[in-house]
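Each remark here refers to the structure printed beneath this line.
The values are calculated or read from the model by the stated rules, or taken from the named source; none is laboratory data. Keep in mind it's a predicted model, so treat the numbers as computed, not measured. Cβ placement follows ideal geometry from the backbone for every residue including glycine, while neighbour counts extend to all protein chains displayed.
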Amino acid sequence: MVEEKIRAFLAVEISDKAIKEITNLQEALTKKLKFIGKTIEPENLHVTLKFFGEITQKEIDEILKKVEFPEIKAKLGKVGAFTYNNQPRIIWVKIEGNLTKIQKIIDKQLEPLFKLEERFMSHLTIARVKYVKDTKYALEYIKNLKLPKTEFEIKSIKLLSSKLTPIGPVYTTLKEYKSTNSIKL
């Protein structure tokens, strides 16, 4: 019998205060750029630390044994865009703090099970762009956006499943890991 697979990843959620700042920024983006695409719903805002893809319950059980990390402080940073053919495709907010160190700790803990990440940028996707008329203006506008340096604590990481639907992904928490003081940065 073939074991059912689940599309899963490890993620960090941000504080309600940070979500409020992001939703204000999303409203400004939508009004000013008038792009075709979508902003990420507040309940779906997260930073992906490790994407596993399709995994089995056995692999999930192995992950559950291994994840340990310290509590850290983080804050919202600069706004930017990933581009394709000079078109903005993903609009993101950088998360400043030690989140990259946390990702490397977790990556190393899971190394026997999963390949190490080659590139990791601690960011939060806030919008997906399909089309914007004036790309030069859009990229300049995005580059000049500023957010208040909203601080928040990261005390837990979630193992989430992701079900893709026609209206967007639906995330379900499978497990929440609390920080531990046994690991130091």
Worksheet entry | Condition check for T83: modelled with pLDDT of 95 or more and of a type in the set (S, T, N, Q) | yes
Worksheet item: Does K34 fit the bill of being under 22 Å from W92 (Cβ atoms), in contact (Cβ under 8 Å) with a residue 24 or more places away in the chain and either basic (K, R) or surrounded by 17 or more Cβ atoms within 10 Å (Cβ to Cβ) (or both)?
Response: yes
Discussion item. Taking the criterion of being farther than 17 Å from K66 by Cα and in contact with a Phe, Trp or Tyr (Cβ under 9 Å, 6 or more places away or on another chain), would at least one residue in the stretch 173-183 satisfy it?
Written reply: no
Discussion item. Here is a list: L110, L139. Which entry is hydrophobic (A, V, I, L, M, F, W, C), surrounded by 13 or more Cβ atoms within 10 Å (Cβ to Cβ) and closer than 13 Å to F82 by Cα?
Written reply: L139
Worksheet item: over 22 Å from K175 (Cβ atoms), modelled with pLDDT under 90 and of a type in the set (D, E), is that true of E68?
Response: no
Item to complete: Within the stretch 109-125, identify whether any single residue is under 23 Å from T180 (Cβ atoms), in contact with a Phe, Trp or Tyr (Cβ under 6 Å, 6 or more places away or on another chain), modelled with pLDDT of 90 or more and polar (S, T, N, Q), and answer yes or no.
Response: no
Worksheet item: Any idea which of (1) of a type in the set (K, R); (2) more than 16 Å from F51 (Cα to Cα); (3) exposed (fewer than 12 other Cβ atoms within 10 Å of the Cβ) is the one K155 doesn't satisfy?
Response: (3)
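A quick yes/no check of all residues on (1) assigned to a helix (DSSP H, G or I); (2) over 22 Å from I22 (Cβ atoms):
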{"site": "P88", "(1), (2)": "no, no"}
{"site": "E96", "(1), (2)": "no, no"}
{"site": "R119", "(1), (2)": "no, yes"}
{"site": "Y141", "(1), (2)": "yes, no"}
{"site": "L159", "(1), (2)": "no, yes"}
{"site": "Y171", "(1), (2)": "no, no"}
{"site": "K184", "(1), (2)": "no, yes"}
Practice prompt. Quick one: which strands (runs of 3 or more DSSP E) lie wholly within the stretch 1-81 and hold at least 3 residues that are under 26 Å from E153 (Cα atoms)?
Written response: 5-12, 47-56
Item to complete: Kindly provide the set of residues from the stretch 98-111 that are outside any loop (DSSP other than H, G, I, E, B) and polar (S, T, N, Q), ordered by number.
Response: T100, Q103, Q109
Worksheet item: Is there any pair with a first residue in the stretch 114-131 that is more than 24 Å from G97 (Cα to Cα) and a second that is among the aromatic types (F, W, Y) and part of a loop (DSSP other than H, G, I, E, B) whose Cβ atoms are under 9 Å apart and which are 6 or more apart or on different chains, and what are they?
Response: V129/F35; K130/F35; Y131/F35
Item to complete: Would you confirm whether any residue within the stretch 52-61 is surrounded by 14 or more Cβ atoms within 10 Å (Cβ to Cβ), farther than 30 Å from V132 by Cβ and charged (D, E, K, R)?
Response: yes
Worksheet, complete the sentence: P166 meets each of (1) without any contact (Cβ under 8 Å) to a residue 24 or more places away in the chain; (2) more than 22 Å from P70 (Cβ to Cβ); (3) in contact with a strand residue (DSSP E or B) (Cβ under 9 Å, 6 or more places away or on another chain) with one exception, condition (3)
